[in-house]
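Asks: Questions regarding the structure given below will be posed in turn.
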Amino acid sequence: MSKTKGLVIAVLGTAISGLGVYTRLRQAGIGAVLIDKSPGLGGRMAMRRVRHSQFDHGEQFFTARTAQFSALVEDLEANGLCASLQADH
């Protein structure tokens with residue numbers, strides 16, 4: 001019998017670290033739930049909307065330099081949680 005059967009871990013914060021922890025837990029077969037004070041995901045990397053405008057108020061981009069982080073970014077991209085920065089932008 002698995003020691004984690006029935007276990008659900010609350011991950012507080014949906015910035016890049018929280019999303020990474022959540023992904024790892026789920027991949028390991030451990031129940032997890034994301035909790036954040038904001039309505040959307042991404043923490044400081046999320047886009048904000050005010051009336052008819054939108055803006056990024058955190059980091060504009062990041063670089064994945066390790067295979068492990070690159071794999072996480074690819075998973076986030078596949079799930080629509082981040083996108084590649086195009087060279088012409």
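Residues are listed down the side, and each one gets a yes or a no for (1) open to solvent by less than 80 Å² (accessible area, probe 1.4 Å); (2) part of a helix (DSSP H, G or I); (3) closer than 18 Å to residue 14 by Cβ; (4) at pLDDT 80 or above:
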site: 29; (1), (2), (3), (4): yes, no, no, yes
site: 33; (1), (2), (3), (4): yes, no, yes, yes
site: 65; (1), (2), (3), (4): no, no, no, yes
site: 72; (1), (2), (3), (4): yes, yes, yes, yes
site: 75; (1), (2), (3), (4): yes, yes, yes, yes
site: 88; (1), (2), (3), (4): no, no, no, no
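Asks: Among all residue pairs at least 6 apart or on different chains, which show Cβ distances below 7 Å where the first residue, located in segment 44-73, is of a type in the set (Phe, Trp, Tyr) and the second is modelled with pLDDT under 85 and open to solvent by 90 Å² or more (accessible area, probe 1.4 Å)?
Replies: Qualifying pairs under 7 Å: 61/85.
Asks: Quickly run through segment 35-63 and pick out the residues that are touching a strand residue (DSSP E or B) at 6+ places or on another chain (Cβ under 7 Å) and modelled with pLDDT of 85 or more.
Replies: Pass one, segment 35-63, residues touching a strand residue (DSSP E or B) at 6+ places or on another chain (Cβ under 7 Å): 35, 47-48, 54-57.
Within segment 35-63, just 35 meets the criteria.
Asks: So, in segment 14-49, of the ones that are more than 17 Å from residue 64 (Cβ to Cβ) and of a type in the set (D, E, K, R), which residue ends up farthest from the chain's Cα centre (by Cα)?
Replies: 49
The values are calculated or read from the model by the stated rules, or taken from the named source; none is laboratory data. All figures in this text were calculated on a predicted structure; none of them were measured in a lab. Heads up, the Cβs are rebuilt from the backbone with ideal geometry, glycines too, and the neighbour counts pull from every protein chain shown. Quick note on the areas: whole protein, heavy atoms, side chains included, nothing else; ligands and nucleic acids left out. Shrake-Rupley method; radii C 1.70, N 1.55, O 1.52, S 1.80 Å.
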